[in-house]
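Chemist: Sharing a structure here in structure tokens format.
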Amino acid sequence: MIQFILRRCLISIPVMFLVATTTFFIMRLAPGGPFLSERAIPPEIQANIQAKYGLDQPLLVQYGKYLYNLARFDLGPSYKYPERTVNEIIAEGFPVSLQLGLAALCFALGVGIPTGVLAAVKQGRAVDHLTMGVILFGISVPTFVTGPLLVFVFSLTLYWLPPALWGSWDQMILPAITLGLPYAVYIARLTRSQLIDVLKQDYIRTARAKGVSEFRILWKHARNSTLMPVVSFLGPALADLVTGSIVVEKIFAIPGLGRYFVESAFSRDYTTVLGTVVFYAGLLIAANLVVDVAYKFLDPRIEYS
Amino acid sequence: MERTPLTAETVAATGACRTASTRHTALARLLPVLALTLLLASCRRESEYFGKTDPPEENVFRFNNGAEPEYLDPGMMTANTDERIAAMLFEGLTQKDPRTLQPMPGIAERWEIAPDGLTYTFFLRRGAQWSDGHTVTAHDFVYAWTRVLDPKTASAFASILYPILNAEQFNQGKLKDRSQVGVEALDNYTLRVRLQDPVPYFLYLTTFFTLYPVPSWIVEKHGADWTRPEHVVGNGAFRLIEHRINDRIVLEKNPRYYNAAQVRLDRVIAYAVVDLYTAINLYESGEVDWMPSNSVPSDFVPHMQGRFRDYSSTPQLASYYFTINTTHPPFDNRLVRRALALAIDRRAITDELLRGGQIPGSNFVPVGLPGYQSPPGPDYNPQEAARLLAEAGYPGGKGFPEMELSFNTLETHKRIAEAMQQMWEKNLGIRIRLHNEEWASFIKTRQNKEHDIARQGWIADYPDPAAFLDLMESTNGNNDTGWKNAKYDALMTASRKETDPFRRIELLQQAESIVLDELPVLPLYSYSVNTLLKPYVKGIYPTSLDMHPLNEVCIDRRWRERGDSPDGHCE
């Protein structure tokens, strides 16, 4: 097992190197630069600004310096917000994205599993059709529609919840629902189909024949085998939630890391683009590793070579 | 490289591909529809005001500053989002009157201007302190100004100090000795400034953020980190207590401010909400009290005017125009440029398309400058336009090469460009392609003069016609037209030396009439600023530069009895 983890860590080094290199050069291919402004800056000043950030050096020298700093986990100052370093931007933004992702996941589990169970137990009945209809809606409606709709109802009509911003628990509710909804419906579907399968198993029929209560069957006998696929979905789902919240962060003005993905590319903030891309790449690699290790624990039959 | 001719639809589509984020663009397209539904729904409540009107429980003023400030260092900043924060943290020699923006005593109690207009002597007040207890002295200004001009600082706004003697030479490295720059502390409380030319707006510049003093001991100690909440020291009405990037900046009243008795807010929160629809939701639900500077989405604007008392639209000293690249045919021909200008129905663009209070006009200097009247420009005249185009050798547009109109990707710019395209096709029979680019590429294209016609907007830094007319000088870095006119340059040089204000205005008017005759630019309209301000906020007034000193703002809890005018008091 340790050997497996070590090998995976070693393999991830060239992967990260490739990600860093590709991003560096793609970014530099885009026209314009970070210190362009509508107001023309005298050429002497422009030259001074370029020199201050080392942008006047040959590209390969810049690339070398960048790799050297990256190896020391120093992502440099942001070019768009020069009073901040990219390390700081990530340190401030990532916990927010993580919180949002976790809140969304809690919502997805809290709503998805009970709904799925209900639909499976009442299979073919009105409740089942109703929940599956809602699920279809939940899958097909994108977050940029759900978000404003929720805001309209709960913030601007009922005045129950704040429409945006981040900091208190009530500000977390709407974004967590918006972001978590597609995952909730996915989990509900997963739970429903799995539970339907499980309930058809012989051992369940045996339990029923012995007169075990319906609740006890669900809780004692069907629970673990039903939740297995849900648990294995959690790892990728969390990574996806944390990295995929750009739209929700925008709608609810949440100071997470997602927005830098888009905005720093527009403002040619080279260091921030590189920093966030490399950070997310590392995060995804780590998340995948954790999931693989977790599989191994959950199902010892899995072999890694 | 040959570019495929673009229709409006493909422009939008390629724009979407270029941003590599279709979700994002789809969002941008759907949101207005949704937002509009929300707006209409809220109108059903038939309130006189947009959203909640209950003052916040605490004595706090909250506004949406828009973008995250790039700098809090006044010597480095360039944007008005940064300015709003700096104006609370620092105070210059003079400060702006909140209604008229005219300079009034700030750190300088009084000043003397020599008859030749070249020497200013400022006498500083004695009670002014930095927030760490140091006294504010004339040396702090000398340090701050020479720091901005120091080539090593690489301040992007250093050129605003160029009216000062030797400032330009020092900034560009042609002069090494900083003591030659025309700013000098005669003693702790006397500052003498010598100018290169007697520019009449210099006193106004002393209200400007680039000329704020900075605390040398803090700047030297902490370097680029000096504006962090834990380090920063200011001399303004407020001090910084929290800064969460891309979220909020929290300020509280500075008890050491010399005029602290007049500051009636305990705290100010400036949010950095970029999405306009999110921002307006925050305003509607009463989470923010002020939406400055066009943070009202443009598709809301036509529905707000005249319906909500907390909405206002004010003409701004800012020009929307198109820059023509005059270096190659057919646009090197003055007749062609005139034909283009005469074929634009500006009123249709402002009154039917935009409907946001913009003032249509062919004048280059925007309307609303006291004491200045633009000479007549090329107003809408399609017959004359067609005649001029024929005279230039393209009767009915025959033989006219297909040229390109570039703009940065934004819905409003696109709609305007499409309208222009149609007008030129209808009135002149010429076909112009539209080309959108995202901001950074667009700026590069225009500065490299790789455009034919490109969108341009300019906001005055100080209320003077020169803020615009300087742009068209052949040596000006912002002149992306390639147009050079010796007579124009001579008039501008003469205006700078002229000490008689009336004579100076005449010279500037003559200069503008050359622009309006030669037309290296096609002016469309003067901007307007659309804002929302809760009726309980007092002390914020509409101004032509969209600058709003917040020192004396207050929250009136009894506004329902006393009325919603921004004048008035809160006790």
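Chemist: At 222 nm, what value in deg cm²/dmol follows for chain B if DSSP H runs of at least 4 each add -39500 (n - 2.57) and the sum is divided by all its residues, to the nearest 500?
Modeler: After summing the helix terms and dividing by the residues of chain B, the value is -8500 deg cm²/dmol.
Chemist: Quick one: what are the phi-derived ³J(HN,Hα) couplings along segment A:36-49, Karplus 6.51/-1.76/1.60 with θ = phi - 60°, whole Hz, x for glycine and proline?
Modeler: Result, ordered by residue: 7, 9, 4, 7, 5, 9, x, x, 5, 5, 4, 4, 5, 5 Hz.
Chemist: How would segment B:80-213 be classified by its alpha-carbon gyration tensor: rounded, prolate or oblate, with rounded meaning a/c under 1.5 and the a/b versus b/c comparison settling the rest?
Modeler: Since a/c stays below 1.5, the shape of segment B:80-213 is classed as rounded.
Chemist: Next question, about the same structure. Quick check: net charge around B:ARG239, other residues with Cβ under 14 Å of its Cβ, Lys/Arg +1 and Asp/Glu -1?
Modeler: It works out to a net charge of -2.
Chemist: Could I ask something else about it? Counting only other residues whose beta carbon sits under 14 Å from that of A:PHE24, what net charge do I get with K and R as +1, D and E as -1?
Modeler: That works out to +2.
Chemist: Still on this structure, please answer the following. Students often forget the sequence filter, so: which lysines lie under 30 Å Cα-Cα from A:LYS122 once same-chain residues fewer than 8 apart are removed?
Modeler: A:LYS200, A:LYS210, A:LYS220
Chemist: Also: Hull surface divided by four, with the convex hull built on the Cα atoms of segment A:93-255: how many nm²?
Modeler: With the hull built on Cα positions only, its mean projection is 10.3 nm².
Chemist: What does the accessible area per residue of segment B:315-528 come to in Å², with a 1.4 Å probe and no ligands, DNA or RNA counted?
Modeler: Per-residue accessible area for segment B:315-528 comes out at 37 Å².
Chemist: Would you please state which residues of segment B:502-521 a label at B:ARG334 would reach in this model, taking the label point 7 Å out along Cα→Cβ and a backbone N cut-off of under 15 Å?
Modeler: The answer is B:511-521, whose backbone nitrogens lie closer than 15 Å to the label point.
Chemist: Which residues of segment B:146-163 show a drop of at least 40 Å² in accessible area when all protein chains are present, compared with their chain alone (probe radius 1.4 Å, heavy atoms only, ligands and nucleic acids excluded)?
Modeler: Correct list: B:ALA154, B:ALA156.
Chemist: Here's something else I'd like to know. Over segment A:164-283, average the accessible area per residue using a 1.4 Å probe and give it in Å², no decimals.
Modeler: Each residue of segment A:164-283 exposes 40 Å² on average to a 1.4 Å probe.
Chemist: Follow-up question, since we're still on this one. Work out which residues of segment A:146-194 lose at minimum 30 square angstrom of accessible surface when the other protein chains are put back, relative to the chain isolated, with a 1.4 angstrom probe, and list them by number.
Modeler: A:PRO148, A:PHE152, A:LEU156, A:TYR159, A:PRO163, A:LEU165, A:TRP166
Chemist: How much FRET efficiency would the formula 1/(1 + (r/R0)^6) give for A:TYR68 and A:ILE2, where r is the Cβ-Cβ distance and R0 is 30 Å, rounded to 0.05?
Modeler: 0.50
Chemist: How much net charge surrounds A:GLU38 when only the other residues with a Cβ under 12 Å from the Cβ of A:GLU38 are counted, with Lys and Arg +1 and Asp and Glu -1?
Modeler: +3
Chemist: Quick one: with all protein chains in place, what share of the accessible area of chain B is carbon or sulfur, to the nearest percent (1.4 Å probe)?
Modeler: Exposed carbon and sulfur together represent 50 percent of the surface.
Chemist: Still on this model: Just the number, please: buried accessible area between B and A, total of both chains, 1.4 angstrom probe, nearest 100 square angstrom.
Modeler: Using a 1.4 Å probe on protein heavy atoms, the buried area is about 5300 Å².
Chemist: Here's something else I'd like to know. Just grab the label-to-label distance for A:SER213 and B:THR100, each label 7 Å out from Cα along the Cβ direction, in nm (one decimal).
Modeler: Here the modelled spin labels are 8.4 nm apart.
Chemist: Taking 0.36 nm per residue of separation and subtracting the Cα-Cα distance, what length does fully extending B:GLU450 through B:GLU220 add?
Modeler: Roughly 78.5 nm would be gained on extension.
Chemist: Another one. By DSSP, what percent of the beta bridges with both residues in the protein assembly as shown are antiparallel, rounded to the nearest 5?
Modeler: Counting DSSP beta bridges with both partners in the protein assembly as shown, the antiparallel share is about 80 percent.
Chemist: Which value in nm describes the separation of the simple spin-label points at B:HIS139 and A:ASN288, placed 7 Å from the Cα toward the beta carbon?
Modeler: Using points 7 Å along Cα→Cβ, the separation is 6.1 nm.
Chemist: Let me ask something additional. Using helices alone, I'd like the mean residue ellipticity at 222 nm for chain A: each DSSP H run of four-plus residues gives -39500 (n - 2.57), total over residue count, nearest 500.
Modeler: -23500 deg cm²/dmol
Chemist: If you don't mind, another one. Pick from A:GLY33, A:GLY124, A:GLY76: which is most flexible by mean-square fluctuation in a GNM of chain A where alpha carbon atoms under 10 Å apart are linked?
Modeler: Top of the fluctuation ranking is A:GLY124.
Chemist: Continuing with the same structure: Excluding residues fewer than 8 places away in the same chain, name every one of the lysines whose C-alpha is closer than 20 Å to that of B:LYS221.
Modeler: A:LYS52, B:LYS152
Chemist: I would also like to ask the following. Subtract the Cα-Cα distance of B:GLU58 and B:HIS569 from 0.36 nm times their separation in residues, and report this length gain in nm to one decimal.
Modeler: 182.3 nm
Chemist: Using protein chains only (no ligands, no nucleic acids) and a 1.4 Å probe, work out which residues of segment A:76-119 have their accessible area cut by at least 40 Å² relative to the chain alone.
Modeler: The answer is A:LYS80, A:TYR81, A:PRO82, A:GLU83, A:ARG84, A:GLU92.
The values are calculated or read from the model by the stated rules, or taken from the named source; none is laboratory data. Remember, predicted model here, so these are calculated numbers, not experimental data. Note that each Cβ is placed from the backbone with ideal geometry, even for glycine, and that neighbours are counted across all protein chains shown. Remember, those area values only see protein heavy atoms, side chains included, never the ligands or the DNA or RNA. Shrake-Rupley method; radii C 1.70, N 1.55, O 1.52, S 1.80 Å.
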